[in-house]
Amino acid sequence: MSDYGVVGGHCDAGAIGAVLGGVAGAAIGKEVADETGAVIGAIAGVLIGREIDRGLDRSDRGCVSHALDLGRDGQPVQWSNAATGRSYSVTPYAPRTIDGRTCRDFVWDSGVRQTACLRADGSWSIN
């Protein structure tokens, strides 16, 4: 199972983008897991919020989702998007339970701290 470098603190956005190239819609999480053995989540269902979402493409959203899925507590996950020339960082913190759902606080590279919770379909929703 590939973590696309997330556990080591770097997301391989190019590899995630390649995997997601032909996959669309809410079935992304299931199809990606079936094809690669990795669970990336339903990328199309990552609800990030306007300020963070500006300028993100599918591979960037994949890195955000994968960082929330697998990132180590307090360790930044960084990546660069070759297509846009932008670099990003997400620092996830320890999972916790809120109203019966698994949630993680995280800090976006701009210093914005937010909480994301898993939805029933395996995607993350920013509270």
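Where a number appears in this text, it was derived from the coordinates with a stated rule and is not lab data. Keep in mind that what you see is a predicted model, and the values were worked out from it rather than measured. Here Cβ is always computed from backbone atoms with ideal geometry, including for glycine, and neighbour counts include all displayed protein chains.
Before moving on, here are some points about what is shown:
- Stretchable slack from Val7 to Arg113, in nm (0.36 nm times residue separation minus alpha-carbon distance): 36.1 nm
- In Hz, Karplus ³J(HN,Hα) per residue of segment 101-109 (6.51, -1.76, 1.60; θ = phi - 60°; x = Gly, Pro): 10, 6, 9, 9, 6, 8, 10, 7, 4
- Packing around the peptides 58-68, 113-123, taken as the average count of other Cβ atoms within 10 Å per residue, puts them in this order, highest first: 58-68, 113-123.
- Label-point separation in nm, Thr102 to Thr84, each point 7 Å along Cα→Cβ: 2.7 nm
- Between Ala120 and Asp73, the simple label model (points 7 Å from Cα in the Cβ direction) yields a spacing of 3.0 nm.
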